[in-house]
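Taken together, the values in this text are just the output of simple stated rules run on the coordinates, not laboratory data. Keep in mind it's a predicted model, so treat the numbers as computed, not measured. Neighbour counts are summed over all protein chains in view; Cβ atoms, including those assigned to glycine, are modelled from backbone coordinates with ideal geometry.
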Amino acid sequence: MLDVSPVMPVVVVDDVADAVPVARALLAGGIRVIELTLRTPAALAAIEKVASEVPEIVVGAGTVTSPAQARQAVDVGARFLVTPGCTDRLLEAVSGTGLPFLPGAATVSEAMRLAEHGVREMKFFPAEPSGGAAYLKAIAGPLPQLRFCPTGGITVESAPRYLALSTVGCVGGTWLTPKDLVAAKDFERITVLAKEAAELG
């Protein structure tokens, strides 16, 4: 899951009509994955639209915080799941879907607990407030077998610091699809940002 693209766009969609144009804009810029977060009422319908109309992009559901959301995401065609943190109940639910998933962890203990359940790839969130690239570099010593997708406060400028680490497969970023560009339907600018992000790999 971490090798599809150097940057995984973390996208919040308020209007279902924007989902497909955003996905196509990212794809035109060389980004082949999109995480649509379940933070708005439009999210599930947006995932369904992208899954059916832009099959070339790997669409996933982010901000999955309950077993019910995990089931709903599967039903609308999500191809992977991302959680901000992970309780035992949520871990059981997302793993039970059969989809690839990135459970969230912010501490060494949380990462170790997920590893005990066989998880080797996870989300590091919130990345910048939790210590950033320096933190991940430090824990690579005791936990070299784990790989991360850091998300939270990362920018196009800071992303290379994370991507240089052996334990980072990709980074998650909201900077590719800022709310103002989506609201203005400036999809050409999103394609430009996607091209810049794709080149980070």
Report summary line: Check: C-alpha center region 17-50 vs C-alpha center region 101-167, spacing in Å is 24
Query raised in the report: By average Cβ neighbour count within 10 Å, what is the ranking of 75-84, 134-143 from highest down?
Result: 75-84, 134-143
Query - Listed residues R113, R147, R24, most fluctuating in the chain (Gaussian network, C-alpha, under 10 Å) - result: R113
Report task. Within 10 Å of each residue's Cβ, count the other Cβ atoms and sort M122, M1 from fewest upward. Result -> M1, M122
Query raised in the report: In terms of modelled amide H atoms, which long-range or inter-chain residues lie less than 5 Å from the amide H of A127?
Result: T151, G152
Report summary line: Asserting the computed 222 nm helical MRE of the chain (DSSP H runs at least 4 long, -39500 (n - 2.57) per run, divided by residue count, to nearest 500) equals -11000 deg cm²/dmol
Requested in this report: Would you mind computing Rg(Cα) / (2.2 N^0.38 Å) for region 85-201, counting N as its residues?
Outcome: 1.15
Report summary line: Cα gyration tensor of the chain diagonalised, 5x eigenvalues square-rooted, in angstrom largest first, produces semi-axes 26, 21, 13
Report task. Of the DSSP beta bridges with both residues in the chain, give the percent that are antiparallel, rounding to the nearest 5. Result -> 0
Report summary line: For L165, the net charge from surrounding residues (Cβ-Cβ under 10 Å; K, R +1; D, E -1) works out to +3
Query raised in the report: If you add up the charges near S130, with Lys and Arg at +1 and Asp and Glu at -1, over every other residue whose beta carbon is less than 12 angstrom from its beta carbon, what do you get?
Result: -1
**Report entry** Peptides 32-42, 177-187, 158-168 ordered by average Cβ neighbours within 10 Å, highest first
**Finding:** 32-42, 158-168, 177-187
